[in-house]
1. Of the heavy-atom accessible surface of the chain (probe 1.4 angstrom), what whole percent is carbon and sulfur?
2. Starting from the range 110-187, pick out the GluC sites (Glu not before Pro) whose DSSP state is loop and whose Cβ has at most 11 other Cβ atoms within 10 Å.
3. From largest accessible area down, sort Lys72, Lys9, Lys145; use a 1.4 Å probe on the protein chains.
4. Can you show me the helix-derived [θ] at 222 nm for the chain, built from DSSP H runs with n ≥ 4 at -39,500 (n - 2.57) apiece and divided by the number of residues, rounded to the nearest 500.
5. Among the helices of the chain (complete DSSP H runs), which have Cα atoms covering no less than 15 Å along the helix axis and a Kyte-Doolittle mean of at least 0.0?
6. Give me the number: length gained by fully extending Gln167 to Glu198, i.e. 0.36 nm times residue separation minus the C-alpha to C-alpha distance, one decimal in nm.
7. Of the listed pairs Lys92/Lys181; Lys9/Lys150; Lys150/Lys181; Lys9/Lys321, which have alpha-carbon separations greater than 22 Å here?
8. Provide the FRET efficiency to the nearest 0.05 for the Glu135-Ile208 pair, computing r from the beta carbons and using R0 = 35 Å.
Amino acid sequence: MAKIKERAKVVLIPGDGIGPEITEAVLEVLDAAGANIEWVRHEAGLAALEHGADVLPQETIEAIEHHRVALKGPCTTPVGEGFASVNVQLRKQFDLYAAVRPVRSLPGVTTRFENVDLIIIRENTEGLYSGVENEVVPGVVMSMKVATEKGVLRIAHWAFRFATQRQRNRITVFHKANIMKMTDGLFLRASDQVHKREYPNIEYETAIIDAGCMRLVQDPGQFDILLLENLYGDVVSDLCAGLVGGLGVVPGANFGEDTAVFEAVHGSAPDIAGRNAANPLALLMSSVMMLNHMAEQTPAYADIAERIRLAYDQALLDGQKTRDLGGDLTTDAFARAVIERL
Ligand code: ATP
């Protein structure tokens, strides 16, 4: 089996809950596929808090700053204890403004729909997740929804460029500009403008998000790329995961100008943590996205990415599935099933 000769360094954050289990499973597959990556391990979330004062330690930030690519397990942020979310902090720190989440029907995973193949592009740094909250007077709290011209234009450009590069031909923007006329209005106008001026050949439509969600659950096959602001992107990602088999099968990537962090859409799933029961596939698929990203510098990674993708598709076709997909495999047994098919 071909092996990458030059060892690339990638930051690895195993995370919390099911994070360490699924991360180990993914590393085994990547290693068996010959990815030859040197993992630079760092902590974030509860794991980091146990060894220090912060959920996102300075060493972790510096390592990502240095290596520019990270594979990250889900991280838990303690609720109501004054810690800002690890994910939100990371996205702000590295200005990871574009989240990409491919959602596709998988062979051997039966759901209500066949042939779902859509990509969610979520603005990752603005909207209600800006973290601007305050108590106006006792008993009255406020959360500010922020949209900037710079932010909405750059995500619109990113989405249309991505569509062109991937030969995707249709973008749908979900919004609520009929109510949030200023913030969602700005988002919508930016997308309209980028489409009209620069990408008139890509099909483009807009939908009010509530009606759009109804269309999604009726007939997801009608969508190609969905472009959404931050909160809508978060919610609609989980909805779309439900269309193709659940949170165990939807990967994700967060891109900035020069840094990329790859992680599954799901969280730390504390209910099944430590039981060798989680599905490592979403993180494995995220690692395939990572290899394809690394292939922009070192093309050989693309072959390894493809080999892994074919192997997990085949494993699913052969009925090798974890419990969330109706099978009975443990986390590491699924990883072995993929390795056997590499
Ligand atoms: P967080 O607050 O970290 O997002 P959460 O429990 O609210 O955690 P998720 O971790 O995303 O949300 O998980 C929701 C449910 O989906 C979990 O309770 C778990 O049962 C299931 N789940 C999520 N990820 C996986 C996975 N990889 N494999 C199997 N089941 C999963």
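1. Working: 7830 of 15420 Å².
So the carbon and sulfur contribution to the accessible surface is 51 percent.
2. Glu114
3. Numbers: Lys72 5, Lys9 100, Lys145 40 Å².
Correct descending sequence by accessible area is Lys9, Lys145, Lys72.
4. Values: 11 runs with 138 residues, N = 342.
Roughly -12500 deg cm²/dmol at 222 nm, from the helical runs in the chain.
5. On the way: long enough: 19-32 (20 Å, 0.53); 149-165 (24 Å, -0.09); 183-198 (22 Å, -0.97); 230-244 (22 Å, 0.99); 281-294 (19 Å, 1.46); 300-317 (26 Å, 0.21).
Length and hydropathy pass: 19-32, 230-244, 281-294, 300-317.
6. 9.6 nm
7. Details: Lys92/Lys181 25 Å; Lys9/Lys150 32 Å; Lys150/Lys181 18 Å; Lys9/Lys321 31 Å.
Violating the 22 Å limit, Cα to Cα: Lys92/Lys181; Lys9/Lys150; Lys9/Lys321.
8. Working: r = 32 Å, r/R0 = 0.90.
Computed FRET efficiency for Glu135 and Ile208 comes out at 0.65.
The values are calculated or read from the model by the stated rules, or taken from the named source; none is laboratory data. All figures in this text were calculated on a predicted structure; none of them were measured in a lab. Note: ideal-geometry Cβ built from the backbone for every residue, glycine included; neighbour counts use all protein chains shown. Heads up: the accessible areas ignore ligands, DNA and RNA and are worked out on the full protein's heavy atoms, side chains in. Shrake-Rupley method; radii C 1.70, N 1.55, O 1.52, S 1.80 Å.
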